[in-house]
Every structure is written in C-alpha cells, then in structure tokens.
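Asker: Submitted below is the structure of interest, expressed as structure tokens.
The values are calculated or read from the model by the stated rules, or taken from the named source; none is laboratory data. Quick caveat: nothing in here was measured; it's all calculated off a predicted structure. Cβ coordinates were reconstructed from backbone atoms using ideal geometry, including for glycine residues, and neighbour counts include every protein chain displayed.
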Amino acid sequence: NQGKNRVQLFNQDIADTLDRRQLIEQKLNHTLALQTFELAYMPILNTQTQRIEAVEVLLRCPHLSAEGIGPDEFIPVAESTGLIRMIDLNVIEQALERLVYYQREFGYQGRFCINISASQLSNDLFAANVGSLIYRFGVDPSKVEIEITETSMVDSSQKSMELLGQLKNLGVRLSLDDYGTGYTAFNQLLDYPVDCLKIDRSFVNELGKGDGERPPVVDIILALARWKQLEVVAEGVETQEQFQYLRQTECQMVQGFYFSKPLNQESFEAYLTEQVSL
Ligand code: C2E
Ligand code: CA
Ligand code: CA
Ligand code: CA
C-alpha cells in the first residue's frame, strides 16, 4: 500500500493499535447513541482572590475510562473518524444546560469554558449550531468561552478566521488553548479576535526548575498578552512555587491540580456550595 520498494511488516503492535482504535470508535459510537457522555468540571481561579472565575468543561467517556482510556487518547480517534463534530455539540448542549442550572440553583456567576476540536474550524454550520443552543437555553453568551488550540489555527485560513468572527458576533468569548505550543507569529495573533491566552502547562511546569540563566517562557507570553491586552490563564499549576511565581505577575487566572483536579458533577456541586457560602 505504501508504493514501490516499500515493505511494512504487519506485526502484533500494529494489530493491537488497530484493535484499540476499533474499540475506541465502537465505544464512542455507543456512548453517542445512548447519550452517556459525562462532563468533568475544572475550576479556574482568579490569581489574586483565589476565587472561582470560570470552569473548564472536560469530556468524560465512562465506557472508555473503565478501560483506562482518557480524552487525550480518544479525542484524536474521534477526530479522525469525524465523530468529534457530534461529540462537541453534545458537550456544548450539556454544558449550557448545566450552566443555566448552576446559575439558578447555586448562584454561580462565572464562565463556562468549552473545548472544541480543530475540525469545527472548517464546519460551516458550527457557529449557527452554537447560536441556536445559546438561544434555546437562554444563556448570556458572555458567560460562554470557547477554547481553540493554538495548533488548530496553524493554517489560519480565511475560513477559520470567518468562524472566529461569527462566534464573536454571537457574543461568546474566545481563548487560544495550549498557547506557546503552536507557531502563531506575533502579527497573526493581532488578527485573531481572541480574548484570552491559556499558557500551556509545559511552560508552567518549567517554573522554578530553570537554572536562572534565562527568564521563563511564561514571562514572554505575559508580555505578549499585555501588548495585545489579552487575559491570561496559566494551566497546569501543580505546586505552591509555581503559584507564588504567577501571583507576582500579571497573570489573572490559574488552573491546575494544585487548586483542584477536574471534578465530577457531585464533587463540583459540593465545591460550588462551599465557594458560594465563603
Ligand atoms: P486541555 O484542553 O489542555 O485540557 C486540560 C487537560 O489538562 C485536562 O486533561 C486536565 O485534566 C489536565 N490538567 C489540568 N491541570 C493539570 C495539572 O495541573 N497537571 C496535569 N498533569 N494535568 C492537568 P483531560 O481532561 O484528560 O483532557 C485532555 C484533552 O482532551 C484536553 O486538553 C482537550 O484538548 C481534550 N478535550 C477534553 N474535553 C474535550 C471536549 O469536550 N471537546 C474537545 N474537542 N476536546 C476535549
Ligand atoms: Ca482546554
Ligand atoms: Ca490546554
Ligand atoms: Ca492539551
């Protein structure tokens, strides 16, 4: 299949990989049909007040987590099979429904941040679909933030830029996720209608580990954000030292295991109750 003079041994590893992909695809289809995807909620805190400012909604597939397979592994499969388009909409629908519920029942005032796959950037119907869900649930669009990975903007085609514009027109916020791992040029960043940069956790992880010979990458991103007047979330904060460092910068928001792991619905509700009564 690979053409002339090429030999690829069909070994057990490849067979196992195919089996695994097939298993994932099957379980995803199944979960979609039964509508049994679940959401996990990860608090994003204000760096100064340490109070909840937003929540990142993360997809969970119980049938796959039982096999030890998480989103880092199943989302690429969902992307290659095209299932991701339906899955993303399913997540948005559930998230908006929950947002309204938490506002009403728990007095939650923050934002909900929702991840979307790169493939939505070429989906002509995406913004319209999001718009009708926002309308259906009657949510304030400024409480909804859509996270797009920096890498998915790599070609920054006319079409992707159009989609971002359409989403902004709906009144939702946009953030560039895993920022610093892609290759956005400074001047390109100027053109993106985004509100927020999420510093990839690999750069946060570096904090406090350097030899002091060069300033942390985080500082460069913060300078860039100041220049474009963007808000910043530092992802993957795991230690007190990392937090202490970020606290002294202009980084407005932090997220990471140091504050909270992604919470299931029940734990998130307990967390909200505690926050609101503080
Ligand atoms: P992401 O958007 O960068 O989400 C953050 C991931 O980093 C989450 O993993 C979260 O558990 C993990 N994380 C957050 N703080 C820390 C920390 O302090 N330390 C460490 N080690 N990890 C931390 P998760 O839930 O496994 O999600 C993985 C990726 O799957 C996400 O990365 C995102 O790209 C994708 N994803 C998750 N939910 C959705 C979804 O609903 N739709 C789409 N299209 N993609 C999703
Ligand atoms: Ca994200
Ligand atoms: Ca991220
Ligand atoms: Ca990521």
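Asker: Can you name the residue in the range 138-149 that is surrounded by fewer than 17 Cβ atoms within 10 Å (Cβ to Cβ) and within 17 Å of Glu97 (Cβ to Cβ) and is also farthest from ligand 4 (Cβ to nearest atom) among such residues?
Answerer: Result: Gly138.
Asker: Considering only the range 102-158, state which residues are among the charged types (D, E, K, R), without any contact (Cβ under 8 Å) to a residue 60 or more places away in the chain and touching a strand residue (DSSP E or B) at 6+ places or on another chain (Cβ under 6 Å).
Answerer: Within the range 102-158, Lys143, Glu150 meet the criteria.
Asker: Just for the range 99-128: of the residues that are under 19 Å from the mean Cα position of the chain (by Cα) and assigned to a helix (DSSP H, G or I), which one is nearest to Tyr271 (Cα to Cα)?
Answerer: So the residue we want is Leu99.
Asker: Still on this structure, I have one more. For the range 223-259, enumerate the residues that are modelled with pLDDT of 95 or more, touching a helix residue (DSSP H, G or I) at 6+ places or on another chain (Cβ under 7 Å) and part of a helix (DSSP H, G or I).
Answerer: Gln242
Asker: If you scan the range 142-178, which residues turn out to be within 16 Å of ligand 1 (Cβ to nearest atom), among the small types (Gly, Ala, Ser) and more than 19 Å from Gln255 (Cβ to Cβ)?
Answerer: Correct list: Ser152, Ser160.
Asker: While we're looking at this one, here's another question. His30 fails exactly one of the following numbered conditions: (1) surrounded by 14 or more Cβ atoms within 10 Å (Cβ to Cβ); (2) more than 16 Å from ligand 4 (Cβ to nearest atom). What is the number of that condition?
Answerer: (1)
Asker: Give the residue, chosen from Val139, Val194, that is in a loop (DSSP other than H, G, I, E, B), away from ligand 1 (no atom under 16 Å from the Cβ) and at pLDDT 95 or above.
Answerer: Of the residues listed, the single one that is in a loop (DSSP other than H, G, I, E, B), away from ligand 1 (no atom under 16 Å from the Cβ) and at pLDDT 95 or above is Val139.
Asker: While we're looking at this one, here's another question. Just to be sure I understand, how many residues within the range 152-206 are farther than 22 Å from Ser142 by Cβ, among the aromatic types (Phe, Trp, Tyr) and within 16 Å of ligand 2 (Cβ to nearest atom)?
Answerer: Result for the range 152-206: 1.
Asker: Check whether at least one residue in the range 163-176 is crowded, with 16+ Cβ neighbours inside 10 Å, in contact (Cβ under 8 Å) with a residue 60 or more places away in the chain, more than 16 Å from ligand 4 (Cβ to nearest atom) and not polar (S, T, N, Q), and report yes or no.
Answerer: yes
Asker: What do you reckon, is Glu269 among the charged types (D, E, K, R), at pLDDT 95 or above and part of a helix (DSSP H, G or I)?
Answerer: Yes; evaluated as a whole, the condition is true for this residue.
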